[in-house]
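Notes follow the structure.
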Amino acid sequence: MYVELRSPNIHEPENIAAYNNTILNYRDTDFFLWAGGTEIMSRADFYPAVRGNMEIISLDKIEELHHFLRNDRYAEFGAMVSINEIAQAGKLVLPRILLDTINSTACRTVRERITIGGSLCTQRFKTSLASTLMILDAAVELRYMKKRMHSKWFQLSRIYDKNGALSIPEGALLSKVRIAIQQYDYQFFRTMGSPVRDPENALSMALVARFEQNSVSYARIIFTLPSRGFCYNRDLDNMITSLHLPVSISRYGQVEDFVLDFIKDNFKDIPHLQESRIRGAFHDMIKDMNEKVLSYTGAIERQQQDR
Amino acid sequence: MRIEFTVDGKYYTLSVSSDKPLNLLLSDDLEIKSTSFACSGRMCGLCVVLMDGKAVLSCLVPAFEVRGKTITTFDGFSKTRDYRDIEKAYSSMQNYPCDRCRAARSLLIESIVRRYEVTGGDFDSGEVLAEAALIDCDCMDSDGFLKVVRESILNRRKRKNVRRA
């Protein structure tokens, strides 16, 4: 009896039209959307739930959310496609940094349950997948209720506020994710620590760049501090874009200090371990960039000597 | 909520809270003690069970998702011939898991073995090592885990056309 009273009601719409009806019926009640459930189930207070009379709308059976399509310009995934399926389906076409990010997100057993829509809408911590998609200029389709049901495409960065908190209309459904198919001259992704086991100290960093001769002509960089949010700003991008490669030690020191100060200004009181990880990831990236440019110029010089 | 599912070959109908995690459902309602329920979704990896033949962390699966599914726990799996393949691999590699993680590790290995048995693809050491990191226990190093998985796959291939658990 007790169990029956507290048990949340489960709604499993089978298509978007049925979902719209469900939302219309329950819009004034306490409901939440259920994708893969990995983040919701890992909340310490999830079970037994403090709140009674919850309505859970499971998205698993909505057929439209499991579709994906691809053309020459972009790949489009339904929100309920698991990130493991994305890695397998897009192995040859998606940017390498996205595949690196997916492969570093837990192991395959867990990845099979994580959906792309769910990983972009996590509440308790921020995922590195969201930040990587942000620098790749991904767009998302939101369906939300405003007298009637609306659907609209947004740049992914616009659904988060400046600190990385999700800012979409209440009860909105993220239904599709569109990722542009383009490759960059340089892509770097590094993750340290687990966002689930230790979100306070974990860190991930992603960068995409294009080179023109020995300088960076285009760069986008993002840091993810899972418990705090994203650090993504044009000033950081411009700082990297102004670099001439290989980066000298003095210039490296200046850029590293600028990046750290910027992150500290955005997020106060970063733990020492997280700060060390930021330094480490940034150092690895600059070293890797230098190596790439030096090996490239070395190869060109060798070609010229051979001629 | 009423749910109907199969656990270790037995069909159950239970009336439980729809958001109750599967590991609690197994331990509280069915009194299966081989599944750990210590971490509450923090991914310690000790609560692995097979759901329709694939490894899942049972603390991340709510009751409403197991309707109509087939669950295999270590209690049931340890009585099958499939487990012998893994047990033989432990003993031939002289690398045994501790009592704390034996259940989860064996079921995880079984899931990997079935994956390679079905797809027949090349052995991906990186992927298997990432799977090893799922279980938060230091009793078996990653190299040892890799060897046990390889040996288990070989044992399974030698013993084909065998009925599944």
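Per this entry, residue B:76 is not counted among residues that are out of contact with any Leu (no Cβ under 8 Å at 6 or more places or on another chain), under 29 Å from residue B:132 (Cβ atoms) and surrounded by fewer than 18 Cβ atoms within 10 Å (Cβ to Cβ). For the range B:5-19, check the following and say yes or no: at least one residue is in contact with a helix residue (DSSP H, G or I) (Cβ under 6 Å, 6 or more places away or on another chain), free of Cβ contacts under 8 Å to residues at least 60 places away in the same chain and more than 13 Å from chain A (Cβ to nearest Cβ). Among the residues of the range B:5-19, not one is in contact with a helix residue (DSSP H, G or I) (Cβ under 6 Å, 6 or more places away or on another chain), free of Cβ contacts under 8 Å to residues at least 60 places away in the same chain and more than 13 Å from chain A (Cβ to nearest Cβ), which makes the answer no. Within the range A:79-99, is even one residue within 12 Å of another protein chain (Cβ to nearest Cβ) and of a type in the set (Val, Ile, Thr)? The answer is no; no qualifying residue exists.
This table checks each residue for (1) part of a strand (DSSP E or B); (2) assigned by TED's automatic domain parsing to the domain that holds residue A:198; (3) surrounded by 15 or more Cβ atoms within 10 Å (Cβ to Cβ); (4) touching a helix residue (DSSP H, G or I) at 6+ places or on another chain (Cβ under 6 Å).
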position: A:28; (1), (2), (3), (4): no, no, no, no
position: A:43; (1), (2), (3), (4): no, no, no, no
position: A:53; (1), (2), (3), (4): no, no, no, no
position: A:75; (1), (2), (3), (4): yes, no, yes, no
position: A:84; (1), (2), (3), (4): no, no, yes, yes
position: A:87; (1), (2), (3), (4): no, no, yes, yes
position: A:91; (1), (2), (3), (4): no, no, no, no
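All of (1) farther than 21 Å from residue A:103 by Cβ; (2) within 14 Å of chain B (Cβ to nearest Cβ) hold for residue A:195 with one exception: (1).
The set of residues in the range B:82-138 being among the small types (Gly, Ala, Ser) and within 19 Å of residue B:23 (Cβ to Cβ) consists of B:103, B:104, B:106, B:111.
In the range B:22-37, the qualifying residues are those that are surrounded by fewer than 24 Cβ atoms within 10 Å (Cβ to Cβ) and closer than 20 Å to residue A:113 by Cβ, and the one that is farthest from the chain's Cα centre (by Cα) is B:24. Scan the range A:113-163 for residues that are over 14 Å from residue A:176 (Cβ atoms), surrounded by fewer than 23 Cβ atoms within 10 Å (Cβ to Cβ) and small (Gly, Ala, Ser) and the total you get is 1.
Scan the range B:39-60 and give yes if some residue there is in contact with a Ser or Thr (Cβ under 8 Å, 6 or more places away or on another chain), surrounded by fewer than 18 Cβ atoms within 10 Å (Cβ to Cβ) and not in a loop (DSSP other than H, G, I, E, B), otherwise no. Yes, there is a match, as at least one residue in the range B:39-60 is in contact with a Ser or Thr (Cβ under 8 Å, 6 or more places away or on another chain), surrounded by fewer than 18 Cβ atoms within 10 Å (Cβ to Cβ) and not in a loop (DSSP other than H, G, I, E, B).
Results for (1) in a loop (DSSP other than H, G, I, E, B); (2) under 30 Å from residue B:132 (Cβ atoms); (3) of a type in the set (Ser, Thr, Tyr); (4) not assigned by TED's automatic domain parsing to the domain that holds residue A:219, shown as yes or no for each residue.
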{"position": "A:103", "(1), (2), (3), (4)": "no, yes, no, yes"}
{"position": "A:142", "(1), (2), (3), (4)": "no, no, no, yes"}
{"position": "A:150", "(1), (2), (3), (4)": "no, no, no, yes"}
{"position": "A:164", "(1), (2), (3), (4)": "yes, no, no, yes"}
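Of the set (1) over 22 Å from residue B:133 (Cα atoms); (2) in contact (Cβ under 8 Å) with a residue 40 or more places away in the chain; (3) within 14 Å of chain A (Cβ to nearest Cβ), all apply to residue B:24 but (2). Within the range A:54-70, the set of residues being of a type in the set (A, V, I, L, M, F, W, C) and either away from chain B (no Cβ under 12 Å) or within 13 Å of residue A:115 (Cβ to Cβ) (or both) comprises A:59, A:62, A:65, A:68, A:69. Of all residues in the range A:22-73, those satisfying the criterion of being out of contact with any strand residue (DSSP E or B) (no Cβ under 8 Å at 6 or more places or on another chain) and among the charged types (D, E, K, R) are A:28, A:39, A:43, A:45, A:51, A:61, A:63, A:72. Of all residues in the range A:166-183, those being surrounded by 19 or more Cβ atoms within 10 Å (Cβ to Cβ) and modelled with pLDDT of 90 or more number 6. Per the conditions (1) at pLDDT 85 or above; (2) outside any strand (DSSP E or B); (3) over 17 Å from residue A:285 (Cβ atoms); (4) more than 14 Å from every other protein chain (Cβ to nearest Cβ), the sole criterion not satisfied by residue A:239 is (3).
The values are calculated or read from the model by the stated rules, or taken from the named source; none is laboratory data. Only a predicted model underlies this, so the values are computations on that prediction, with no experimental measurement involved. Heads up, the Cβs are rebuilt from the backbone with ideal geometry, glycines too, and the neighbour counts pull from every protein chain shown.
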